[in-house]
Amino acid sequence: MAGYVASSFIAPQPAPKGLRGRKWTVSRAAGLVMLLFWALLGIGIIMILVNGYDPEKIAKYAPKIGDGIIVTIELVAMSLVLGALISVPVAMGRMSASPLWGGIAFGYSYFFRGTPLLAQTFLVYYGAGQFVGFFKAIGLWALFRDAYFCAVFTFSLNTAAYQAEILAGAILAVPGGQRQAADSLGLRRSVTFWKIILPQALITALRPYGNEVILMIKASSIASIITVLDVMGQTRVAFSKTYDLQIYLWAAIIYLITVEVLRRLWELMEQRLTRHLKR
């Protein structure tokens with residue numbers, strides 16, 4: 001029995017040098033194949049853009065696409081800010097011990113995170129028309145009959161659910177010793193939350209928030225389906241008049257550049273805000 005127990009704790013032997021060499025060779029070959037694939041894809045895209053370049057189309061539709069970029073940025077920025085405001089009470093509800101408040105927050109988060117954003121947009125845009133009398137009675141029909149407002153309203157509710165989960169998780173990730181230290185100093189709970197807990201939680205939530213911003217930029221193309229002339233909306237209009245598939249390729253490149261610029265800016269902000277944590 002003693003011999004069996006001792007043998008079960010024998011340290012694993014390293015793989016033979018020949019086997020390690022073959023694994024490294026296979027990994028390097030796979031990397032070269034992927035690099036070749038992306039290189040060929042990039043060259044193909046460049047050739048399509050160069051061969052299909054039409055100065056007249058560029059001069060005619062580029063300004064409209066530029067207007068669409070502005071609309072997309074405004075739509076995403078407003079949705080994220082409103083969603084952040086809504087997410088605070090929802091996050092408090094997710095952490096609350098109250099069955100009522102916690103149940104409402106859970107139901108809100110469960111619905112908006114569990115159903116497609118496209119379906120939510122249709123529910124608001126087309127569903128509002130079913131309650132014209134109600135919205136006119138409360139003076140909000142002027143807002144809900146506008147596709148842009150319906151998109152902002154839906155996107156704000158959707159991103160608020162995700163931001164609430166991010167915020168609640170980040171707050172719960174703050175060590176309990178921080179609260180105990182604040183209590184020992186006699187600080188009020190509101191001061192402890194806003195001055196101690198929340199700043200640390202926001203640093204933890206920086207990267208998930210960045211992912212949510214990027215996801216919202218890409219998801220904003222859904223607004224084009226309800227006649228909002230964002231980047232994708234302007235692209236659809238241009239394609240309906242030219243039937244040039246290259247226009248969608250340019251739209252994809254615009255989204256890619258926007259996401260990459262935002263990612264770089266977010267990394268710089270994260271490095272700036274977390275510089276005190278680096279040794």
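The numbers here are math on the coordinates, done by the rules we state, and not lab data. Keep in mind it's a predicted model, so treat the numbers as computed, not measured. Because the Cβ atoms are built from the backbone with ideal geometry, glycine has one as well, and the counts that use them run over all protein chains shown.
Worth a mention:
- Across the alpha-carbon atoms of region 40-118, the computed radius of gyration and Dmax are 22.2, 64 angstrom.
- Adding -39500 (n - 2.57) for every DSSP H run of four residues or longer, then dividing by how many residues the chain holds, sets the calculated 222 nm ellipticity at -26000 deg cm²/dmol.
- Label of the coordinate-derived value, mean projected area of the Cα convex hull in nm², listed as (i) 27.3; (ii) 16.5; (iii) 12.5: (i)
- Within a Gaussian network of the chain (alpha carbon springs, distance under 10 Å), most fluctuating of 44, 103, 169: 44
- Under a Gaussian network description of the chain, with springs only between Cα atoms under 10 Å, the residue in 252, 39, 170 that fluctuates furthest is 39.
- Rounded to 0.05, the FRET efficiency of the residue 69 and residue 195 pair, given R0 = 30 Å and the Cβ-Cβ distance, is 0.20.
- Helix runs (DSSP H) in the chain reaching 27 Å along axis by Cα, Kyte-Doolittle at least -0.5: 17-51, 55-95, 147-173, 246-273
- The charge dipole of region 77-222, taken about its Cα centre with unit charges on the Cβ atoms of Lys, Arg (+1), Asp and Glu (-1) only, comes to about 160 debye.
- Shown is the FRET efficiency for residue 241 and residue 178, computed with R0 = 45 Å from the Cβ-Cβ distance and rounded to the nearest 0.05: 0.15.
- Largest mean-square fluctuation among 145, 179, 28, in a Gaussian network model of the chain whose springs join Cα atoms under 10 Å apart, belongs to 28.
- For the chain, with +1 on Lys and Arg beta carbons and -1 on Asp and Glu, the positive-most of 261, 108, 246 along the dipole: 261
- Overall shape: prolate for region 167-241, with the ratio a/c of the largest to smallest alpha carbon gyration tensor axis at 1.5 or above and a/b above b/c.
- With both labels modelled 7 Å from their Cα along Cα-to-Cβ, the residue 249 to residue 50 distance reads 1.2 nm.
- Reported value for region 77-222: 129 Å³ per residue, from the convex hull of its C-alpha atoms.
- Förster radius 22 Å - calculated FRET efficiency between residue 272 and residue 211 (Cβ-Cβ, nearest 0.05): 0.75
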